[in-house]
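Accompanying notes for the structure given below.
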Amino acid sequence: MPSRAAHAVIGRTGGSDQGHRHGTEGVTTGTSELPVRPVASTRDNLNRQALRGLDFLSFGSEAPPRESAMILFNPKQLSAAHPDPKVNEILRKTVAFFEAKGKRRLKDDDRNRVWYADFLDFVQREKVFATLLTPAGYGGPEARWDTSRLCVFNEVLGFYGLCYWYTWQVSILGLGPIWMSANEPLKRTAARLLDEGAIFAFGLSEKEHGADIYATDMLLVPQPGGGYLARGDKYYIGNGNEAAIVSTFGRLPESGEYVFFAVDSKREGFQLVKNITATQSYVAEFNLNDYPITDADLLSRGDDAWNAALNTVNIGKYNLGWASIGICTHAFYEALTHASGRSLYRQHVTDFPHVKQMFLDAYARLVAMKLFALRASDYLRSASNDDRRYLLYNPVVKMKVTTQGEQVIDLLWDVIAAKGFEKDMYFETATRDIRALPKLEGTVHVNIALIVKFMQNYFFNPAEFPGIPRRLDPVNDTFLFDQGPTKGLGKIQFHDYRKAYASRALPNVKIFTEQIAVFREFLMKAAPDAAQQKDVDFLLAVGEIFTLVVYGQLILENADHLAIPDDLVDQIFDFMVRDMSRHALQVHGKSSSTEAQMAFCMNLIRKAHTDEARSQRVLETQVYSLNGAYAMDE
Ligand SMILES: Cc1cc2nc3c(=O)[nH]c(=O)nc-3n(C[C@H](O)[C@H](O)[C@H](O)COP(=O)(O)OP(=O)(O)OC[C@H]3O[C@@H](n4cnc5c(N)ncnc54)[C@H](O)[C@@H]3O)c2cc1C
């Protein structure tokens, strides 16, 4: 028997004008009549059984009213899916907060750039940041830094609005250098401030220097009687208007030694210049005008300060993928529900062949984003001095998941067209916000430049590692605040990717595996020469191919852990094969590509295995079944 929720959802789907009638009648496409299976076919039952294993995949979905709802987060179908009761409680209360606020006010506040004091009051009242962002031992009994819990909160904030996510994210960044510091009294102060509901900021960027943090010119000038005066300006600093502590990066004038120090945005000497952005968030330019600093305010200096800057970004950049996942999920529900209710030329829009393809691709890409980001969390939580694989997987979350998010929104927007401009739609804000994630905390380029450093060892020097299970266990992610020197990336080893690729004998996984073999041969027999290795443009194109291999590996690992059905995995690798071909064409077209490299690139271009029946099954049972599954309360 379906659950009550299932009845409600199915009722809405099938009974209204909006209802997409798949499963009850033939589907007329532009050119053909596609077969539609009976609702409870054997295959459906098999799918349903396979998908039961997914209950824990979406942290917030209840026992299966419909398969797809279990993969995508749905605020209307929450259950205690994460093993930690506290994070489930926080999730439930956060959803209740936003649904009570309602879409109209959410959009009004966005349009009018209202500072989100209501959200911060909620955070303070429920001690959300205090619980999730205080490492074990510094806060209450339920406080710990547990990345699997952070994923839950990241996703729900992205789902409702990037500005809410941003104040949380820059608090995470601001706390990084504090929790990495040896300054115990300051850590205790930060824990107390968190408990009181404070927010934090990360003062790294400067107007003139962008990604080049070597050039930092915020100065900490030693004073004859002891202590220092901080002098300089910072730019693009989120929460700069309200942060209780701004972890500020600078250097000592004579030695050039780097230093991190704590600044209070409310003290004299801190000059808030302006909000650089026209958004609800406050992304500050601020000056420190001889702001007094004592030794008690110092967080770290020298190599420790440098490492704290990079290691904080290592942790923080992971969250950006989740913001993209949250945004895409909400936009997906809106787009699908709108398109399903629309008829043109006496035909459902969702029956146009190109619209089907766009929804299939959007869904497969979104599920892949989530599978990869979830799996990367397992490695992040298992990291140690002997296992630094997260240093590859995190930049992939940062650049790949977020750029996939852009593609998902592009696909959906092409379907809903004018509707995506309407001021009352969440979608309208999604089209703007999704663009931010690939650019912040290191651009796509910076992250691919980092990723290619791992390519040699990844392909040619694998190592044995104990298997990493799903990591939802209630432990503190202590290593993240003790990551040590940021050097030696080229020496980091990885487990053999071929094991994951051998785990599913599916047509598109096989084709993709062949493409990987060709790319490996490319690297052996036609590796970029010295000049190409200095040509960032060429390396970025090659890096896209490598990134795709890593992406597919962790998707497959998680497909195994989470019992993702074959149909969906093959559908994901359908777009992976096409993407690999596209990236190969890019490398082929580079001005410096050699004849040998071009030949390998041509060999990399493959056609994905076409299986209409599979695509139709995925479309019916997992994508179009989400019509009407979620709409935000007005
Ligand atoms: C809304 C918003 C909020 C922000 N919040 C904060 C914050 O709270 N705290 C904070 O410290 N910063 C913050 N930032 C700054 C943000 O992290 C930087 O914008 C980002 O790191 C990139 O710097 P840039 O945009 O100035 O690009 P630039 O560094 O000027 O880059 C110019 C171009 O060079 C490329 N490039 C640069 N270096 C490399 C490289 N090594 N390899 C290959 N290509 C390269 C880039 O990809 C880009 O195409 C924020 C920015 C914005 C817009």
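The values are calculated or read from the model by the stated rules, or taken from the named source; none is laboratory data. Nothing here was measured: the structure is a model prediction, and the numbers come from that model. Note that we place each Cβ from the backbone using ideal geometry, even for glycine, and neighbour counts take in every protein chain shown.
When we screen I245, I293 for residues that are surrounded by 15 or more Cβ atoms within 10 Å (Cβ to Cβ), β-branched (V, I, T) and more than 16 Å from the ligand (Cβ to nearest atom), the only hit is I293. Taking each residue of the range 471-484 that is under 20 Å from K317 (Cβ atoms) and looking for partners that are of a type in the set (V, I, T) and at pLDDT 95 or above with beta-carbon atoms closer than 7 Å, six or more apart or interchain, yields D477/T147.
Scanning the range 525-547 for residues that are assigned to a helix (DSSP H, G or I), more than 16 Å from the ligand (Cβ to nearest atom) and in contact (Cβ under 8 Å) with a residue 40 or more places away in the chain returns K525, A531, I545.
I'm trying to understand the selection: among the residues of the range 211-228, which are of a type in the set (V, I, T) and within 14 Å of the ligand (Cβ to nearest atom)?
Let us first name the residues in the range 211-228 that are of a type in the set (V, I, T), namely 213, 216, 221.
If the condition is that a residue be of a type in the set (V, I, T) and within 14 Å of the ligand (Cβ to nearest atom), then I213, T216 are the ones that fit.
Return yes when K534 is at pLDDT below 95, out of contact with any Gly (no Cβ under 8 Å at 6 or more places or on another chain) and farther than 22 Å from P469 by Cβ and no when it is not. Yes.
How many of the residues making up the range 573-598 are in contact (Cβ under 8 Å) with a residue 24 or more places away in the chain and either under 23 Å from F352 (Cβ atoms) or in a helix (DSSP H, G or I) (or both)?
The initial filter retains those residues of the range 573-598 that are in contact (Cβ under 8 Å) with a residue 24 or more places away in the chain, namely 573-581, 583-584, 586-587, 590, 592-594, 596-597.
So of that shortlist, the ones also either under 23 Å from F352 (Cβ atoms) or in a helix (DSSP H, G or I) (or both) come out as 573-581, 583-584, 586-587, 596-597.
Residues in the range 573-598 being in contact (Cβ under 8 Å) with a residue 24 or more places away in the chain and either under 23 Å from F352 (Cβ atoms) or in a helix (DSSP H, G or I) (or both): 15 in total.
Residue-wise test of (1) more than 22 Å from H330 (Cα to Cα); (2) touching a helix residue (DSSP H, G or I) at 6+ places or on another chain (Cβ under 6 Å); (3) at pLDDT below 95.
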residue	(1), (2), (3)
R66	no, yes, yes
H82	no, yes, yes
L106	no, no, no
D109	no, no, no
E126	yes, yes, no
A130	yes, yes, no
T134	yes, yes, no
G140	yes, no, no
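Among residues of the range 485-505 being hydrophobic (A, V, I, L, M, F, W, C) and free of Cβ contacts under 8 Å to residues at least 40 places away in the same chain, the one that is farthest from E544 (Cα to Cα) is A505. Report yes if some residue within the range 133-148 is in contact with a Lys or Arg (Cβ under 9 Å, 6 or more places away or on another chain), hydroxyl-bearing (S, T, Y) and closer than 18 Å to R471 by Cα; otherwise report no. Yes - at least one qualifying residue is present in the range 133-148. Based on this model, can you work out whether Y235 counts as of a type outside the set (V, I, T), within 13 Å of the ligand (Cβ to nearest atom) and closer than 30 Å to H445 by Cβ? When the stated conditions are applied, Y235 passes them. Number of residues in the range 77-100 that are over 27 Å from R144 (Cα atoms) and surrounded by 20 or more Cβ atoms within 10 Å (Cβ to Cβ) equals 0.
Within the span defined as the range 387-410, every residue fails to be under 27 Å from A362 (Cα atoms), surrounded by fewer than 22 Cβ atoms within 10 Å (Cβ to Cβ) and within 12 Å of the ligand (Cβ to nearest atom). Within the range 188-210, residues that are without any contact (Cβ under 8 Å) to a residue 12 or more places away in the chain sit with their Cβ atoms under 6 Å from residues that are within 11 Å of the ligand (Cβ to nearest atom) and part of a helix (DSSP H, G or I), at 6+ positions apart or across chains, in these pairs: H209/A215.
Within the range 482-523, being out of contact with any Gly (no Cβ under 7 Å at 6 or more places or on another chain), within 19 Å of L585 (Cα to Cα) and among the hydrophobic types (A, V, I, L, M, F, W, C) holds for I511, I516, A517, V518, F519, F522, L523. Restricting the range 286-304 to residues that are small (G, A, S) and not in a strand (DSSP E or B) leaves a set whose member that is farthest from the chain's Cα centre (by Cα) is A296.
If you take the residues in the range 195-210 that are under 30 Å from E126 (Cβ atoms) and near the ligand (Cβ under 8 Å from one of its atoms), which one is surrounded by the most Cβ atoms within 10 Å (Cβ to Cβ)? Taking the candidates together, the pick is G203.
Restricting attention to the range 251-285, which residues are of a type in the set (A, V, I, L, M, F, W, C) and in a strand (DSSP E or B)? Show your work before the answer.
Kept after step one, since they are of a type in the set (A, V, I, L, M, F, W, C), are these residues of the range 251-285: 252, 259-263, 270, 272-273, 276, 278, 283-284.
Answer for the range 251-285, where residues must be of a type in the set (A, V, I, L, M, F, W, C) and in a strand (DSSP E or B): V259, F260, F261, A262, V263, F270, L272, V273, V283, A284.
The set of residues in the range 426-482 that are modelled with pLDDT of 95 or more and polar (S, T, N, Q) comprises T429, T431, Q456, N457, N461, N476, T478.
Scanning the range 420-449 for residues that are crowded, with 16+ Cβ neighbours inside 10 Å and either outside the structural domain of M399 (by TED's automatic domain parsing) or more than 8 Å from the ligand (Cβ to nearest atom) (or both) yields a total of 13.
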